[in-house]
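S.K.: Input: one structure, supplied below.
The values are calculated or read from the model by the stated rules, or taken from the named source; none is laboratory data. In this text, all values refer to a predicted model and were calculated from it rather than measured experimentally. Using ideal geometry, Cβ is built from the backbone for each residue, glycine included, and neighbour counts are taken over all protein chains shown. SASA here: full protein model, heavy atoms, side chains in, ligands and nucleic acids out. Shrake-Rupley method; radii C 1.70, N 1.55, O 1.52, S 1.80 Å.
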Amino acid sequence: MSKKILHVEGMMCNNCAKHVREALEKVAGVASVEVDLAAKTASVTLSADVSDDALKNAVLEQDYEVTGIDAA
């Protein structure tokens, strides 16, 4: 399993974090998601190869912006 950390702008409350987490959990190949509201990040554990664009688009559909993706 691999892990990616998404830097997400626009999350301001736990409800925002929930929307981002649920959107990422729906992406095929995502095993788990942990959102850190204070750090404005979402740590995604992958069970298969998932493109950065697929993760970014899932967040964009919830009206949040991904400003960067790091391998963890």
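S.K.: Looking at region 8-27 only, could you name the residues that are open to solvent by 60 Å² or more (accessible area, probe 1.4 Å) and outside any helix (DSSP H, G or I)?
M.R.: Answer for region 8-27, where residues must be open to solvent by 60 Å² or more (accessible area, probe 1.4 Å) and outside any helix (DSSP H, G or I): 9, 12, 26.
S.K.: Count, please, the residues in region 62-72 that happen to be touching a Lys or Arg at 6+ places or on another chain (Cβ under 8 Å) and either surrounded by 14 or more Cβ atoms within 10 Å (Cβ to Cβ) or more than 19 Å from residue 10 (Cβ to Cβ) (or both).
M.R.: Looking only at that region, the number is 4.
S.K.: Would you point out the residue of region 47-61, among those that are open to solvent by less than 70 Å² (accessible area, probe 1.4 Å) and within 11 Å of the chain's Cα centre (by Cα), that is nearest to residue 10 (Cα to Cα)?
M.R.: Filtering first and then ranking leaves 59.
S.K.: If a residue must be in a loop (DSSP other than H, G, I, E, B) and within 16 Å of residue 2 (Cβ to Cβ), how many such residues does region 28-49 contain?
M.R.: 5
S.K.: Next question. Could you tell me which residue of region 35-46 is least open to solvent (accessible area, probe 1.4 Å), considering only residues that are free of Cβ contacts under 8 Å to residues at least 40 places away in the same chain and touching a Leu at 6+ places or on another chain (Cβ under 8 Å)?
M.R.: 42
S.K.: Which of the residues that make up region 50-72 are at pLDDT below 95 and part of a loop (DSSP other than H, G, I, E, B)?
M.R.: Within region 50-72, 72 is the sole residue that qualifies.
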